[in-house]
1. Can you pull out every residue in segment 121-154 that is at positive phi and touching a strand residue (DSSP E or B) at 6+ places or on another chain (Cβ under 8 Å)?
2. I'd like to check which strands (runs of 3 or more DSSP E) are fully inside segment 124-195 and have at least 2 residues that are surrounded by 20 or more Cβ atoms within 10 Å (Cβ to Cβ).
3. Given the conditions (1) touching a helix residue (DSSP H, G or I) at 6+ places or on another chain (Cβ under 6 Å); (2) at pLDDT below 95, which single one is not true for residue 119?
4. So is residue 58 modelled with pLDDT of 95 or more, in a helix (DSSP H, G or I) and either touching a strand residue (DSSP E or B) at 6+ places or on another chain (Cβ under 6 Å) or under 27 Å from residue 157 (Cβ atoms) (or both) or not?
5. Restricting the search to segment 69-90, which residues are near the ligand (Cβ under 9 Å from one of its atoms) and part of a strand (DSSP E or B)?
6. Within segment 95-116, identify whether any single residue is more than 11 Å from the ligand (Cβ to nearest atom), under 20 Å from residue 49 (Cα atoms), modelled with pLDDT of 95 or more and not in a loop (DSSP other than H, G, I, E, B), and answer yes or no.
7. Please go through segment 168-202 and give me each residue that is over 24 Å from residue 57 (Cβ atoms) and out of contact with any strand residue (DSSP E or B) (no Cβ under 7 Å at 6 or more places or on another chain), ordered by number.
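The values are calculated or read from the model by the stated rules, or taken from the named source; none is laboratory data. Please read these numbers as outputs of a predicted model, since none were measured by experiment. Ideal geometry is used to build each Cβ from the backbone, glycine not excepted, and the neighbour counts take in all protein chains shown.
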Ligand SMILES: C[S@@+](CC[C@H](N)C(=O)[O-])C[C@H]1O[C@@H](n2cnc3c(N)ncnc32)[C@H](O)[C@@H]1O
């Protein structure tokens, strides 16, 4: 297994981005007009392609960090784009056969059946989490099982609609955003504030299994039972720099 950064190649097929661009949607300073048509396009395209739209900057950023394990990959659209660039990606999803209400249609590349536990097999790879399900422990569990040092996350901030509270807390606690790659812009659907960020483990020897203590409301607490405030408040409002 090679961990060397793949050389980005130009001219990959990215029909999702092409179709999104062909809608002629313009977003000005983070706001735009909501239209029913736009909403319908989104509803179809997130299921057919992916919940986030990969652009070349985002793909090049991922490619710099070597081989990837993508968990909760859906139809594997991001993996498909990265593989065209020579990036070694292994993609997993819990549901690859039967009804997955997040996806519709055929996978874009091979997606293996796997739950967060598979993260423990790949400490040498970058853990890639794109739109982990909202208020679901999936992304948190991936962080618990992953023993590697690099996490790339695509989604909204801690008050947004991706991942659960503990995921954002763990990410901030155990990892630090890589300077210059804490907010990589991707095209956004109306009302969505997703972006890509790259995280490196703060202390490589931190036990990934270290449990966070919680109070009766499920909020993380320190050893004295005091609630640990989230450092990363409301960054779901982060938006496209104008
Ligand atoms: C919002 S979709 C995002 C899919 C894909 N990453 C994308 O951007 O299109 C969330 C995905 O996580 C998968 N998922 C949910 N729980 C999971 C789990 N415990 N282990 C692995 N995948 C899971 C779902 O089946 C779904 O495909």
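1. 131
2. 126-130, 150-155
3. Evaluating residue 119 over (1) touching a helix residue (DSSP H, G or I) at 6+ places or on another chain (Cβ under 6 Å); (2) at pLDDT below 95 leaves (2) as the failure.
4. Against the criterion (modelled with pLDDT of 95 or more, in a helix (DSSP H, G or I) and either touching a strand residue (DSSP E or B) at 6+ places or on another chain (Cβ under 6 Å) or under 27 Å from residue 157 (Cβ atoms) (or both)), residue 58 qualifies.
5. Scanning segment 69-90 gives 70, 71.
6. no
7. Matches in segment 168-202: 170, 173.
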